[in-house]
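FYI, it's all coordinate maths here, none of it is from the lab. On a predicted model such as this, the values are computed, not experimentally measured, just so you know. Every residue, glycine as well, gets a Cβ built from its backbone with ideal geometry; the counts of neighbours run over all protein chains shown.
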């Protein structure tokens with residue numbers, strides 16, 4: 001943890017007090033902040049046995065971007081602009097995996113990021129596991145709350161945006177890593193502003209095994225499951241239509257595919273997670 005703080009302070013000290021590297025509406029300018037609430041209805045499915053669906057009714061959205069640090073919906077970071085199109089950030093956040101086990105977990109309501117699967121990802125086969133009895137989240141030991149730190153790179157070009165980020169557990173909760181790469185395309189239409197995004201997640205075997213594996217600590221039964229690293233492509237579509245300076249209609253559709261490293265776990269009942277929301281957003285600040 002102390003190494004992350006030292007790196008964060010180093011980037012803050014190196015960051016020039018200049019204009020933001022972003023030149024379009026998809027990136028917040030320096031010393032810019034926003035707080036808004038979206039009211040509507042939506043739902044996120046839960047792939048776990050015994051895991052309830054997550055209703056989405058009132059969603060907060062808050063960010064602050066200063067000269068060299070930012071807070072964006074649960075993600076804290078320091079940014080070093082490299083060129084007008086590239087920037088590098090040191091970032092930290094609570095790991096979101098626990099949100100499938102605990103309904104009222106902060107990241108369930110503050111990290112509705114959008115994302116489309118990358119053009120390709122490793123195509124490998126996994127040996128078929130023996131059939132296992134379903135296990136509910138009430139039958140396993142409590143999963144940890146983890147805190148991650150990472151390095152994020154962003155690229156902006158007109159209506160395109162790409163991002164790559166790698167995370168490391170610094171709370172000694174699962175002792176693993178996860179990463180993602182994404183590409184987004186925005187466009188204007190008479191119906192509003194649209195954004196199609198694709199993201200590919202990689203999650204280490206230690207992370208997957210901590211949350212979705214079955215070990216000797218889950219002593220209610222004899223069956224065990226040792227998880228492997230997971231590749232998870234995601235696609236989503238976001239829509240915004242302004243009604244006034246502060247009021248906007250918003251919509252979101254998102255589909256995340258779970259590979260066999262996840263679905264072979266006795267905890268998992270589905271090979272995908274869907275999220276959707278439609279409502280009205282009001283900007284307070």
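For the pair residue 240 and residue 217, how long in nm is the line joining their label points, each one 7 Å along Cα→Cβ?
4.0 nm
Would you mind ranking 53, 85, 245 by Cβ crowding within 10 Å, fewest neighbours first?
Ranking 53, 85, 245 by Cβ neighbours within 10 Å, fewest first, gives 245, 53, 85.
Give, in nm to one decimal, the length gained when the segment between residue 190 and residue 278 is fully stretched (0.36 nm per residue of separation minus the Cα-Cα distance).
On the way: separation 88, 0.36 × 88 = 31.68 nm, distance 1.84 nm.
Stretched fully, the residue 190-residue 278 segment lengthens by 29.8 nm.
With a point put 7 Å past each Cα toward its Cβ, work out how far residue 171 is from residue 43 in nm, to one decimal.
Here the answer is 2.9 nm between the modelled labels.
From the C-alpha coordinates alone, can you work out the Kirkwood hydrodynamic radius of segment 128-285, in Å?
18.3 Å
To the nearest 0.05, what FRET efficiency results for residue 132 and residue 67 with a Förster distance of 41 Å applied to their C-beta separation?
E between residue 132 and residue 67, to the nearest 0.05, is 0.20.
Provide the FRET efficiency to the nearest 0.05 for the residue 57-residue 162 pair, computing r from the beta carbons and using R0 = 41 Å.
On the way: r = 32 Å, r/R0 = 0.79.
In this case the efficiency is close to 0.80.
Considering the Cα trace of segment 211-285, what is its radius of gyration and what is Dmax, both in angstroms?
Considering segment 211-285 through its Cα atoms, Rg and Dmax are 19.3, 60 Å.
Packing-wise, with mean Cβ within 10 Å as the measure, how do 136-147, 159-170 rank, highest first?
By packing density, highest mean first, the sequence is 159-170, 136-147.
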